[in-house]
Amino acid sequence: MDYRKRIQELRDILNENGYRYYVLDAPTMSDYEYDMLNRELEELEAAHPEEITPDSPTQRVGGKPLQGFTPYTHEVPLESLQDVFDDQEVREFTDRMTQTLGPDVEYSVEPKVDGLSVALEYRDGVFVRGATRGDGRVGEDVTENLRTIRSIPMVLPEKLPRLIVRGEVYMARSVFEEINAQRELEGKPLMANPRNAAAGSLRQLDPKIAAQRRLDIQVFNLQLAEGKDFRLHSETLEYLASQHFRMIPHKTLRADEVQKEIDRINDQRMEYPFDIDGAVVKVNSLSDRETLGSTAKFPKWAVAFKYPPEKKPAKVLDIVVQVGRTGVLTPKAVLTPVRLAGTTVTNATLHNQDYITQKDIRIGDTVIVQKAGEIIPEILEVDFKQRPEGTVPYVLPQTCPVCGAPVERDEDGAAVRCTGAECPAQLLRNLTHFAGRDAMDIDGLGPSLVEQLVDSGLVRNAADLYSLRAPDVAQLERMGEKSAENLIAAIARSKDNDLSKLIYGLGIRQVGEKAAKVLAMHFGTLDALMAATAEELTAIDDVGEITARCITEYLSQPQSQDLIARLREAGVNMTSQAELVDQRFAGMTFVLTGTLTNWDRKAAQAMIEERGGKVSGSVSKKTTYVVAGEAAGSKLKKAQELNIPVLTEEAFAQMLASD
Ligand code: AMP
């Protein structure tokens with residue numbers, strides 16, 4: 001068969017099945033078959049790159065990173081909605097509609113998806129561009145990121161000259177939880193909520209990252225359809241569904257049924273895969289919408305109902321303490337079950353000791369619990385009138401409930417932490433950190449393998465890694481002989497790492513990658529660092545008092561000393577290979593920009609650091625020099641704006657060469 005024909009055929013099959021899988025949730029093809037066809041298409045496209053079009057299913061994985069987003073002017077503005085807060089205000093709205101339009105007005109009632117509004121533009125049935133809402137008139141072109149959303153069709157069955165739809169991009173709750181769990185294991189900062197996560201992901205300059213975030217969309221409005229006529233909003237939604245969009249759940253109802261539907265949506269909100277922050281009530285007739293028009297800000301034909309936070313009393317049965325992977329003790333109230341905002345609440349976080357003390361929450365108390373939407377339930381206050389006799393103020397335990405080590409309150413906050421270096425609660429995180437790319441860089445040792453090693457009892461601390469044997473590792477699930485051997489080899493390789501990677505890998509609080517480098521270079525050996533006093537540490541640029549205390553405390557603990565001794569025995573390198581050549585750049589901060597021809601960035605950075613200087617990623621008033629290579633961009637401009645001296649590569653080389 002002609003390859004062009006086969007490419008088109010493969011695209012049609014893959015698009016159809018993507019639609020069945022992602023939108024209808026009813027795949028008719030196995031993942032394996034899908035992958036094989038996708039592979040065939042990739043191979044054909046690789047052989048005939050001129051045939052690649054942006055709407056090909058192979059182009060969804062995320063292309064090259066962008067420099068920035070370009071503005072996109074919305075042909076039909078993306079209006080915002082007027083809020084209403086109770087049934088009275090809903091009735092006022094429907095009464096207004098009855099007065100203007102007569103007694104038979106129909107409404108569409110829909111969940112208000114808590115995400116980000118976008119417009120998607122199609123020409124001749126092909127997705128061409130998409131943009132965020134921005135201020136409603138001008139948004140940002142985020143086409144590349146939208147392409148990664150599998151439930152956005154790239155081609156439509158009907159090829160209208162032009163079609164623009166509006167929808168809400170969101171991150172499904174389940175995806176949000178999965179990604180956050182992974183981030184926690186990797187010690188990365190957690191995303192606050194699905195909405196923020198979706199917003200951050202859609203505005204990623206690197207579409208590959210956006211693709212990993214598995215965003216989704218609910219389409220809720222037809223903005224424009226050239227060559228089509230519709231009478232009703234509900235008809236447009238049905239049409240969009242026929243064009244392979246995921247259509248927002250909606251019901252068409254009379255005024256007297258609207259409030260009941262709003263309440264039902266609130267009650268069953270957990271059945272949607274996405275968060276909602278209200279319900280939207282819209283006049284269904286499109287000609288009526290035109291008659292009504294808009295105010296300066298809102299359409300007059302719709303309102304958004306915002307659910308109030310629900311409050312109910314519950315009894316505190318117990319207060320339990322959990323130890324997070326960073327060692328923080330988090331108290332939690334165990335409550336008698338109460339139904340709030342569509343979920344059954346059985347516990348509430350108590351944050352920390354200060355929070356408990358301030359509200360004086362005690363075991364046995366009756367408290368008022370509040371939950372607004374997806375927000376974590378919180379205790380508003382104690383009902384002191386109902387306090388039983390004999391309760392006592394609650395105090396967090398002085399020892400870790402998991403490992404029994406003493407706990408300690410953070411200098412700089414309200415958090416109380418377990419000090420045990422081998423506390424099982426912290427072990428997973430510590431080991432994952434130890435093996436991470438910027439630490440000991442043990443290839444293949446990610447969070448899930450760490451978990452397996454710990455669960456199987458093979459590893460209890462980082463030193464145990466170095467006595468692992470391939471046959472034992474090969475016994476683990478999903479591990480074969482070959483991968484076990486690879487792991488052992490990667491662990492062995494890590495013994496030769498520079499001291500700075502080991503210091504960082506130990507996971508001492510406050511000691512990041514940069515501080516670890518400075519310490520390694522300054523002391524040269526781990527022994528010298530262990531012998532350093534707090535004063536000697538604070539004398540170093542970049543090491544403050546808190547950091548110095550964290551270091552001395554960590555290194556003086558018997559568990560840490562034992563760990564270090566065992567690492568040494570295993571042959572892990574404890575000296576710095578990068579020695580301080582001299583101090584000519586002491587106190588100076590360099591920024592490197594553009595392409596250097598003599599060195600790569602890392603080498604240039606090492607040469608600056610070996611001479612006592614620092615390298616920063618951004619230009620500020622604190623920058624001493626900017627070294628500008630070929631094709632230097634915004635950093636060079638910033639340096640000129642701030643009057644920071646700019647060095648050519650030759651000038652920099654001379655500074656290095658001179659005595
Ligand atoms: P607000 O931002 O509070 O003015 O509310 C309006 C926003 O709600 C719109 O910009 C949409 O992004 C969003 N929205 C979510 N779901 C819907 C829906 N079913 N109908 C209309 N707007 C919706």
Practice task
Would you be able to say whether some residue in the stretch 210-218 is more than 10 Å from the chain's Cα centre (by Cα), within 16 Å of the ligand (Cβ to nearest atom) and in a helix (DSSP H, G or I)?
Solution key: no
Handout entry: Odd one out for D275, checked against (1) away from the ligand (no atom under 15 Å from the Cβ); (2) buried (at least 19 other Cβ atoms within 10 Å of the Cβ)
Key = (1)
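Would you mind finding the one in M171, M191 that is farther than 23 Å from H74 by Cα, within 15 Å of the ligand (Cβ to nearest atom) and of a type in the set (A, V, I, L, M, F, W, C)?
M171
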Practice task
Of the conditions (1) in contact with a strand residue (DSSP E or B) (Cβ under 6 Å, 6 or more places away or on another chain); (2) within 26 Å of A534 (Cβ to Cβ), V591 clears all except one; give me its number.
Solution key: (2)
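For the stretch 127-154, how many residues are open to solvent by 40 Å² or more (accessible area, probe 1.4 Å) and among the aliphatic types (A, V, I, L, M)?
Of the stretch 127-154, the ones open to solvent by 40 Å² or more (accessible area, probe 1.4 Å) are 128-129, 133-135, 137-138, 140, 144, 150.
Still in the list and also among the aliphatic types (A, V, I, L, M): 128, 138.
The qualifying residues number 2.
Every residue in the stretch 58-89 that is within 16 Å of the ligand (Cβ to nearest atom) and assigned to a loop (DSSP other than H, G, I, E, B), please. Let's see the steps before the verdict.
At the first step, the residues of the stretch 58-89 found to be within 16 Å of the ligand (Cβ to nearest atom) are 72, 74, 76-85, 89.
Of everything in the stretch 58-89, those that are within 16 Å of the ligand (Cβ to nearest atom) and assigned to a loop (DSSP other than H, G, I, E, B) turn out to be H74, V76, P77, L78, E79, S80, L81, F85.
Using the structure shown, decide if L44 is under 11 Å from I7 (Cα atoms) and either open to solvent by 40 Å² or more (accessible area, probe 1.4 Å) or among the hydrophobic types (A, V, I, L, M, F, W, C) (or both). Let's see the steps before the verdict.
On the way: under 11 Å from I7 (Cα atoms): yes; either open to solvent by 40 Å² or more (accessible area, probe 1.4 Å) or among the hydrophobic types (A, V, I, L, M, F, W, C) (or both): yes.
Against the criterion (under 11 Å from I7 (Cα atoms) and either open to solvent by 40 Å² or more (accessible area, probe 1.4 Å) or among the hydrophobic types (A, V, I, L, M, F, W, C) (or both)), L44 qualifies.
State yes or no: is K251 over 19 Å from A172 (Cα atoms) and within 10 Å of the ligand (Cβ to nearest atom)?
Values: over 19 Å from A172 (Cα atoms): yes; within 10 Å of the ligand (Cβ to nearest atom): no.
For K251, the condition - over 19 Å from A172 (Cα atoms) and within 10 Å of the ligand (Cβ to nearest atom) - is not met.
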Practice task
Taking E226 as meeting all but one of (1) open to solvent by less than 40 Å² (accessible area, probe 1.4 Å); (2) among the acidic types (D, E); (3) more than 14 Å from the ligand (Cβ to nearest atom), write down the number of the exception.
Solution key: (1)
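Quick one: which of G512, G480 is closer than 20 Å to S560 by Cβ, without any contact (Cβ under 8 Å) to a residue 40 or more places away in the chain and surrounded by fewer than 19 Cβ atoms within 10 Å (Cβ to Cβ)? Can you show your working first?
Working: G480 fails: closer than 20 Å to S560 by Cβ.
Answer to the selection: G512.
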Problem - Residues (under 18 Å from A484 (Cβ atoms), of a type in the set (D, E) and at pLDDT 85 or above) located in the stretch 418-456 - result: D443
Completion exercise
Those residues of the stretch 113-126 which are surrounded by fewer than 20 Cβ atoms within 10 Å (Cβ to Cβ) and not acidic (D, E) amount to R123, G125, V126
Completion exercise
Subset of the stretch 303-350, residues within 25 Å of the chain's Cα centre (by Cα), in a loop (DSSP other than H, G, I, E, B) and surrounded by fewer than 16 Cβ atoms within 10 Å (Cβ to Cβ), comes to G324
Exercise for the section: Answer yes or no as to whether D55 is open to solvent by less than 70 Å² (accessible area, probe 1.4 Å), away from the ligand (no atom under 16 Å from the Cβ), of a type in the set (D, E) and in the same structural domain as P153 (by TED's automatic domain parsing). Expected result: no
Fill in the blank from the handout: Pairs returned, first residue in the stretch 32-55 that is closer than 18 Å to N17 by Cβ, second residue that is outside any helix (DSSP H, G or I) and of a type in the set (F, W, Y), beta-carbon separation under 9 angstrom, 6 or more apart or interchain, are D55/F127
Practice task
Quick one: which residue in K300, K311 is in contact with a strand residue (DSSP E or B) (Cβ under 7 Å, 6 or more places away or on another chain), within 15 Å of the ligand (Cβ to nearest atom) and either under 18 Å from E235 (Cβ atoms) or not aliphatic (A, V, I, L, M) (or both)?
Solution key: K300
Practice task
Looking only at the stretch 136-145, decide whether some residue is small (G, A, S) and within 22 Å of R11 (Cβ to Cβ).
Solution key: no
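The values are calculated or read from the model by the stated rules, or taken from the named source; none is laboratory data. What you are looking at is a predicted structure, and each value in this text was computed from that prediction instead of being measured. With ideal geometry, Cβ positions are generated from the backbone for all residues, glycine too; neighbour counts draw on all protein chains shown. SASA here: full protein model, heavy atoms, side chains in, ligands and nucleic acids out. Shrake-Rupley method; radii C 1.70, N 1.55, O 1.52, S 1.80 Å.
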